[in-house]
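The structure appears right after this line, and notes come after that.
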Amino acid sequence: MDRNQKVSICIVGAGSRGRSYSNYSTDFPDEVHVVGVAEPRDFYRNDLVEKYAIPPENVFNSWQELAAHDGRVADAVIIATPDQKHTAAALALIDKGYHVLLEKPMAPTREECERIVAAARAKKILFGVCHVMRYTQYTQKLKQLLDDGLIGEIVSIQHLEPVGFSHQAHSYVRGQWSNEKESSCMLLAKSCHDMDWLRYIVGSKIAKVSSFGHLRHFTAANKPQGASERCVDCPVEPDCPYSAIKIYLDLVKKGHTGWPVDIITPDTTVAGVQAAIKTGPYGRCVYACNNDVVDHQVVGMEFENGASGAFTMTAFCEGSGRKTRIFGTKGELYGDGKIIDHYDFLGKKHALIDASKVGGSIVSGHGGGDYGLMKKFIEAVATNDQSAILSGPVESLETHTSVFAAEEARKTGRVVAL
Ligand SMILES: NC(=O)c1ccc[n+]([C@@H]2O[C@H](COP(=O)([O-])OP(=O)(O)OC[C@H]3O[C@@H](n4cnc5c(N)ncnc54)[C@H](O)[C@@H]3O)[C@@H](O)[C@H]2O)c1
């Protein structure tokens, strides 16, 4: 298409992520416009219809309806349906010839990921996976410093994902990623970003993995004596840091109506949140949920270039940005998502680099990664150039494969070679 033409997109799954990406068109209306939506929930579908004045002929109740529609309604689709609903939607919409930006994880199994990648390549559409961490200013600065040889050769890397106690309770105990069968394992649901990011930063394929971790705390055996099934009538609620009253109601009472409050109900008033935690899934006791995903996991890895890596994800912390230490032959880097601390062996000195300020201010979620990704995907579609997308189908399949291998390693207690 003509580089000066606006790219048109259809949002498939207008929940939290679909809406976040659609906001890009509000902030950058010259680059992209939302012309269609496919979403079963009336409130969320109508919200986008109203916001972007989507014509009735481009409004669908599901991706199935969109796929059954004659022809295409947009240049590209953003598929942000729940994890288990990626494969069929992606295959059908790739087959229609849409360019596709697919939320991570691509799919819950390796075989499904392979089918999606094969279809995207066969159809020669532009394809990206929402590995937003690659697209932040911080990551780009870090990558540039490493590629410029600032710390010599990378020998090892240590990476921490401090999920946080309340985020874990919200998403991975009470929420939609709490049960492996209903969504996917924790490493795929949450940390496929990190495995992908580590491969990108080290600049080499992951060759071997080992992994340990399990569901340590959020189980019936740890339910305090006398605790109720729901926080609203629980006698031990005041002593529970995971209480839904503390995580949602206290927040909305302070005027906070964004994440995670807006996830549990579209009615983000105090009364709406009270009703949601009284009857909905997010008001359940964290020791009485249908959860089975791990609450802590480590992955050890060796890269093809010989570098070693150690990754830790844990629920049991305050919850903040990822922290990374990179050890090189000439120096060391420590980064927290904003500031990079460089220690140079020759000069024996530290230097601080504020990566959050490089090239302008952060304007979107995930440290600017949401908009960074959208910018590159839109550029790829506008110029018909897959290379604008930092993780194409083949590399996305490779990093998803490293996740499946690590999960196999955790479950079998073996080192798994890729
Ligand atoms: N990139 C990231 O950092 C990141 C962060 C969070 C979630 N995610 C991923 O994004 C995806 C969506 O997550 P979310 O938090 O927005 O969930 P969500 O539940 O808020 O949104 C999913 C939407 O898909 C809709 N949907 C269900 N069936 C559909 C169908 N047949 N056709 C069209 N739409 C349908 C649902 O009604 C819902 O509105 C998941 O795969 C999740 O793992 C990615």
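The values are calculated or read from the model by the stated rules, or taken from the named source; none is laboratory data. For clarity, every value in this text was computed on a predicted model and none was experimentally measured. Cβ placement follows ideal geometry from the backbone for every residue including glycine, while neighbour counts extend to all protein chains displayed. In case anyone asks, the SASA skips ligands and DNA or RNA and just uses the protein heavy atoms, side chains included. Shrake-Rupley method; radii C 1.70, N 1.55, O 1.52, S 1.80 Å.
Among the residues of the stretch 261-276, those identified as of a type in the set (Ser, Thr, Tyr) and surrounded by 15 or more Cβ atoms within 10 Å (Cβ to Cβ) are THR265, THR268.
So which residues in the stretch 117-151 are within 16 Å of the ligand (Cβ to nearest atom), touching a Gly at 6+ places or on another chain (Cβ under 7 Å) and polar (S, T, N, Q)? Once the filter is applied, which keeps residues that are within 16 Å of the ligand (Cβ to nearest atom), touching a Gly at 6+ places or on another chain (Cβ under 7 Å) and polar (S, T, N, Q), the stretch 117-151 yields only THR136. Regarding ARG72, is this residue out of contact with any helix residue (DSSP H, G or I) (no Cβ under 6 Å at 6 or more places or on another chain), without any contact (Cβ under 8 Å) to a residue 40 or more places away in the chain, near the ligand (Cβ under 10 Å from one of its atoms) and not polar (S, T, N, Q)? No, not satisfied. Of note, ALA38 does not satisfy the criterion of being within 16 Å of ASP370 (Cα to Cα) and either of a type in the set (A, V, I, L, M) or not assigned by TED's automatic domain parsing to the domain that holds GLY175 (or both).
In this structure, does ALA80 turn out to be within 16 Å of the ligand (Cβ to nearest atom), closer than 21 Å to GLU39 by Cα and open to solvent by less than 30 Å² (accessible area, probe 1.4 Å)?
Judged against the criteria, ALA80 is a match.
Sub-7 Å Cβ pairs linking a first residue in the stretch 83-100 that is in contact (Cβ under 8 Å) with a residue 40 or more places away in the chain to a second residue that is of a type in the set (Ser, Thr, Tyr), at least 6 apart or interchain, are ASP83/SER183; ASP83/SER184; GLN84/SER183; ALA89/THR81, ordered by first then second residue. Each residue in the stretch 307-334 was checked for being over 18 Å from GLY164 (Cα atoms) and surrounded by 15 or more Cβ atoms within 10 Å (Cβ to Cβ), and 12 of them qualify.
Among the residues of the stretch 53-69 satisfying the criterion of being within 24 Å of ILE94 (Cβ to Cβ) and in a helix (DSSP H, G or I), which is farthest from the ligand (Cβ to nearest atom)? Residue satisfying both the conditions and the ranking: GLU57.
The single condition among (1) under 28 Å from THR265 (Cβ atoms); (2) open to solvent by less than 50 Å² (accessible area, probe 1.4 Å); (3) within 12 Å of the ligand (Cβ to nearest atom) that ARG41 does not meet is (2).
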